[in-house]
Every structure is written in structure tokens, then in C-alpha cells.
Amino acid sequence: MSNRIASKHKIDRRLGVNLWGRGKSPIIRREYGPGQHGQRRRKPSDFGVQLMAKQKLKGYYGNIGEKQFRKYYREAVRRRGDTGENLVGILECRIDAVIYRMKFVPTVFGARQFVSHGHVTVNGTRVTIPSFLCKEGDVVRVREKSRQIPMVLEAIASPERDIPDYVEVDHDKMQGTFVRQPKLEDVPYPVHMEPNLVVEFYSRT
């Protein structure tokens, strides 16, 4: 789990965006960074813009560690096609991201914890690693004993998010299918993501 979960709202304020589109984000009331120097604004350099794009993408998926994120970038480069699109596709294949998209949990941080605590199976096998990558056609289920957890019921009932078409979900059966790896345009990010800038960042470092 991320060691910065307790400070996740600071990510919103540091980046200056409502990263997950939630109504409780402090950026709605305070549109400046945390700390005594948070209100100072300076025009970022090209490197700063690229770094911010990387931090946004990392932060959105539960503040993934740098070592793992760089690993995803290398895999995206290795695959055919657009590297930025590939990177987003890999991130959306993570089991914690899939659980979040299926609306079994209210937040990406909750998704990581939910998987780590063993509440999820993929094709009948219990999965406890949030970075597990789903493949097309994988069936994801909430375990029987976990189906009445208040967090799960709250997420399912919430009108806050829509379910994208690259996952199919049956909330009555508490299961869903990962239909396909999405393209950037398919992913319902609440804020504008720029994976091309992330690629530029890593290509120069």
C-alpha cells in the first residue's frame, strides 16, 4: 500500500486539480498547493510540465511507486503502437484499477486495500496483489464473505461515476468481466491526462 494514503488530498492540492473528480476534494475550496508557500505561482519549465503530467498519472492510480511506474513505461515502449496509449492501457489492466472501474469500491486507494485484504478473485483464484494485470476476458468477483462490506455497498449505490464500456459488470452477482484493454480516449478521467508528456519525461531522463 502507498505510504501516503493519509495525505491523498494533498496530491489534489499539489497538482492543482480534482484528480479523482470527487465532491470532497479540498481543491474545490482551496485552489492552491498545501503548505505556507502553496499560493505562490510560477510558470513551470518544460521539464516541470512533463513532471506534473507524470505525477498526475501516477497519483490517479493510487500514487504508484516510481520503480513500478518506470517498469510500466519500459513495457509500454516494448509494445507495438503509441507508447502513451500503451502506458494507459497497462495501468487500466491493474486489478485495483479494474475493481475501481467496476464500482466495487469508492476510491482507487480503497481498491488497493480491498485487493490486498483478499476480497477479490480473478477467474476463481484469490488475488492479493493490487498490481496484478488482468487480461481480456478475465472474470473478477467479490468474494462471498465480502459482499456486505459497507464500502462495497456504498460504491455500488453511488451515482458519482459511470462504468466504462471496456468492463462489464453485474452488481447483483458481484462480478464483472474485463472486456478489453482501453485506449486513452476510452478512459473516463475526471481531468485531462497527457501520457505523451510522461513519455517525453522518461525519454530525457
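The values are calculated or read from the model by the stated rules, or taken from the named source; none is laboratory data. Computed from a predicted structure; not experimentally measured. Reconstructed Cβ throughout: ideal geometry from the backbone, glycine too, with neighbour counts over all protein chains shown. Ligands, DNA and RNA are excluded from the accessible area calculation, which covers all protein heavy atoms including side chains. Shrake-Rupley method; radii C 1.70, N 1.55, O 1.52, S 1.80 Å.
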Inset, instruction - Please give the net charge around Gly118, taking every other residue with its beta carbon less than 12 angstrom from that of Gly118, where Lys and Arg add +1 and Asp and Glu add -1. - result: +3
Legend entry - Within straight-line cross-link reach of Lys173, aspartates and glutamates at Cα separation under 15 Å, skipping those fewer than 8 residues along the same chain: Glu144
Inset, instruction - Within the set of other residues whose C-beta is less than 11 Å from the C-beta of Asp165, count the net charge using Lys and Arg as +1 and Asp and Glu as -1. - result: -1
Inset, instruction - Beta carbons within 10 angstrom, averaged per residue: use that to sort the peptides 57-63, 197-203, 118-124, highest first. - result: 57-63, 197-203, 118-124
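Please give the per residue accessible area of the stretch 80-205, computed with a probe of 1.4 Å over protein heavy atoms only, in Å². If you can, show how the numbers build up before the last one.
Values: 5970 Å² over 126 residues.
Spelled out: the 1.4 Å probe surface of the stretch 80-205, per residue, equals 47 Å².
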Inset, instruction - Report, to two decimal places, the Cα Rg of the stretch 78-179 normalised by 2.2 N^0.38 Å (N = number of residues). - result: 1.03
Legend entry - Under-5 Å amide H pairs with Val167, H placed in peptide plane, nonlocal only: Val179
Inset, instruction - Over the stretch 36-187, with every protein chain in place, what whole percent of the accessible area is carbon and sulfur at 1.4 Å, could you tell me? - result: 47
